[in-house]
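Engineer: Would you mind keeping the following structure in view while I ask a few things?
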Amino acid sequence: MSNTEILVLGGPDVGKTHYAGQLLGRLRYDRHGKLRLRAGGVEDLSKLEEVLSCLEEGRAAGHTPAETWTGIQCALETSSGGSVLLEWPEYAGERLFSIIESRIIPTEWRNSVETATGWMLFLRPSTLQLHEDLLVRPTGLTPEHTSSEVNFVDGSSWDDRARYIELLQMLILAAGKSTFHKASSPRLVIVLSCWDELETTSTPEEVLADRLPMLDAFINSNWQDSAWSVWGLSSLGRSLSQDDHDDEFASQGPEHFGYVVPPQSTKHNSDLTAPVAWLLKV
Ligand SMILES: Nc1nc2c(ncn2[C@@H]2O[C@H](COP(=O)(O)OP(=O)(O)O)[C@@H](O)[C@H]2O)c(=O)[nH]1
Ligand SMILES: [Mg+2]
């Protein structure tokens, strides 16, 4: 059995945990997906079981506590009969952002960064932090900070267009890769999460290029075309609340909700395992 680790990357509140919960449900029960769980192929899934049982009641699950770092291991079977051992980290997104702030990559990350064969970066377009810049400011307006005594630049933290480039640069370095040639490994999946919030008819590539053009250009110039892809993801298909039950969601069951929008497509596909399968070349 080949041992494959997927490094899940993403800040807080981008939908990593709900995706993991829904993925577990699909791997277990969906016989038509590209990947499924081997019988007895998982160790401790209690963290994800909690998520799934909230969803079964039609409720959203809570936030992953900052001290959590769980590596979930599952043995998977591909639709063509192959097997892979998947390692899936579950952690609070704040830990990822602290790498960029402190410029130190802690040991817990280092192993995964070096050994993972696939990186999965979660971005939630509806909550990106994008500060005003020359490109978006209407022409003819004097920028406020030039006439003020204080040199004020909008926003108190990183602009997400720069943040994720910086993150990828640090990880490429930590993985011991060079950017001299375009990379063929690790394979990279960009997940544009909570796709239902966008109400768009664009392809995932169009949304990435529109919202994060610098990141799109950075990846294009450092990864081979065949080694990276962009997916829309809506794990739940709609927004759920932690307190109110969504009766329709509960009565039909979480397995009937959620979809991905595959690369270069605008169509919904209910196989939530597809981006993972793509990373694993299944
Ligand atoms: N609209 C919508 N909201 C979602 C979806 N997936 C997750 N969410 C919400 O997004 C928030 C963050 O999700 P969570 O999985 O905890 O993010 P994490 O911090 O990255 O693990 C929660 O309030 C979820 O209810 C989705 O597919 N659509
Ligand atoms: Mg979480």
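What follows draws every value from the coordinates through simple rules; no lab data is involved. As the structure is a prediction and not an experimental result, all values here were calculated from the model. Because the Cβ atoms are built from the backbone with ideal geometry, glycine has one as well, and the counts that use them run over all protein chains shown.
Engineer: As I understand it, the value is the acute angle between the Cα axis of helix 213-222 and the longest principal axis of the Cα atoms of the chain; what does it come to in degrees, rounded to 10?
Structural biologist: Value to nearest ten degrees: 70.
Engineer: How far apart, in nm, are two points set 7 Å out from the Cα along the Cα-to-Cβ line at residue 206 and at residue 70?
Structural biologist: Output for this residue pair reads 3.9 nm.
Engineer: How far apart, in nm, are two points set 7 Å out from the Cα along the Cα-to-Cβ line at residue 214 and at residue 244?
Structural biologist: The modelled label-to-label distance comes out at 3.9 nm.
Engineer: For the chain, take the longest principal axis of its alpha carbons; what is the angle in degrees between that and the long axis of helix 16-29, to the nearest 10 within 0 to 90?
Structural biologist: 20 degrees
Engineer: Still on this structure: Per DSSP H run of at least 4 residues, take -39500 (n - 2.57); add these up for the chain, divide by its residues and hand me the 222 nm value, nearest 500 deg cm²/dmol.
Structural biologist: Calculated mean residue ellipticity at 222 nm is -9500 deg cm²/dmol.
Engineer: Here's something else I'd like to know. Can you tell me which of 167, 192, 24 moves the most in a GNM of the chain? Springs connect C-alpha atoms under 10 Å apart.
Structural biologist: 167
Engineer: Moving on. Around residue 79, with a cut-off of 14 angstrom between Cβ atoms, what is the net charge of the other residues, counting Lys and Arg +1 and Asp and Glu -1?
Structural biologist: Values: positive: 26, 31, 34, 36, 38, 281; negative: 30, 77, 271.
Once all neighbours under 14 Å are counted, the net charge is +3.
Engineer: Choose one answer from 234, 80, 53: the residue with the largest mean-square fluctuation in a GNM of the chain with alpha-carbon springs under 10 Å.
Structural biologist: It is 80.
Engineer: Quick one: longest stretch of the chain between exposed loop chymotrypsin sites (Phe, Trp or Tyr not before Pro), exposed meaning at most 14 other C-beta atoms within 10 Å and loop per DSSP?
Structural biologist: 1-151
Engineer: Work out which GluC sites (Glu not before Pro) in the chain are exposed loop sites (DSSP not H, G, I, E or B, at most 11 other Cβ within 10 Å) and give the longest gap free of them. Each step should come with its number before you reach the end.
Structural biologist: Details: sites that count: 43, 67, 149, 199.
Answer from the scan: 200-282.
Engineer: Set the bar at 24 Å for Cα to Cα. Now go through 47/267; 16/182; 34/177; 182/281; 16/281 and name every pair that lies beyond it. Numbers along the way, then the final one.
Structural biologist: Values: 47/267 31 Å; 16/182 28 Å; 34/177 30 Å; 182/281 19 Å; 16/281 21 Å.
As for pairs spanning more than 24 Å Cα to Cα, those are 47/267; 16/182; 34/177.
Engineer: Could you work out how far helix 160-174 tilts from the main Cα principal axis of the chain, as a 0 to 90 degree angle to the nearest 10?
Structural biologist: Long axis of 160-174 versus the principal axis of the chain: about 60 degrees.
Engineer: Once the convex hull of the alpha carbons of the chain is built, what does its volume come to per residue, in cubic angstrom? Walk me through the numbers before you get to the answer.
Structural biologist: On the way: hull volume 45.4 nm³, N = 282.
In the chain, the Cα convex hull volume per residue is 161 Å³.
Engineer: Quick one: of the DSSP bridges fully inside the chain, what percent are antiparallel, nearest 5?
Structural biologist: Here the antiparallel bridges make up roughly 45 percent for the chain.
Engineer: Something else about it: What is the gain in length, in nm to one decimal, between residue 166 and residue 269 on full extension, counting 0.36 nm per residue of separation less the C-alpha to C-alpha distance?
Structural biologist: Between residue 166 and residue 269, full extension yields an extra 33.9 nm.
Engineer: Taking the Cβ of residue 99 as the center, what net charge do the other residues with Cβ under 14 Å away carry, scoring Lys and Arg +1 and Asp and Glu -1?
Structural biologist: Surrounding charge for residue 99 is 0.
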